[in-house]
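Here the structure comes first, spelled out in structure tokens, and everything after it is commentary.
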Amino acid sequence: MEKNRRQKQVGSVLKRAISEYLEGALDFEAFGLVTVIDVTISPQRSKADIWVSALQSNAKLQGNLDSLIHGVSQVIQKYIHAKRRVEIEFHIAG
């Protein structure tokens, strides 16, 4: 139970940090408002799933998000101190 609560706390902190990062990294003119809906991190801290919502959900946005994985990985590393690189997957809510 404690682990689950801890994972939710970490997800909440990462959600805010990743939101701030994406706000500066994505072109508002091209994609409009992009909101991080949820972030979950595996118990081993090896994988992060990031769900976003956007006014314009399309392949171009997915490609842009995928190109930002390195920067997002650095944001995550700052907060969870993982020993290995965290695998990141973006999901666009429809």
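None of the figures in this text is laboratory data; all of them are computed from the coordinates on show. Keep in mind that this is a model prediction, so the values were computed, not measured. Note that we place each Cβ from the backbone using ideal geometry, even for glycine, and neighbour counts take in every protein chain shown.
Within the chain, the longest segment free of exposed loop sites, counting trypsin sites (Lys or Arg not before Pro) that fall outside DSSP classes H, G, I, E and B and have at most 10 other Cβ atoms within 10 Å, spans 1-82. Each Cα pair under 8 Å and six or more residues apart adds its separation to the average, and for the chain the resulting relative contact order is 31 percent. In the elastic network of the chain, a GNM with C-alpha springs shorter than 10 Å, the most mobile of Gln77, Gln56, Gln44 is Gln44. For the chain, adding -39500 (n - 2.57) for each run of n ≥ 4 DSSP H residues and dividing by the number of residues yields -16500 deg cm²/dmol at 222 nm.
Take the Kirkwood radius over Cα pairs of the stretch 2-92, plug it into Stokes-Einstein at 37 °C and 0.692 mPa s, and you get 247 µm²/s for translational diffusion.
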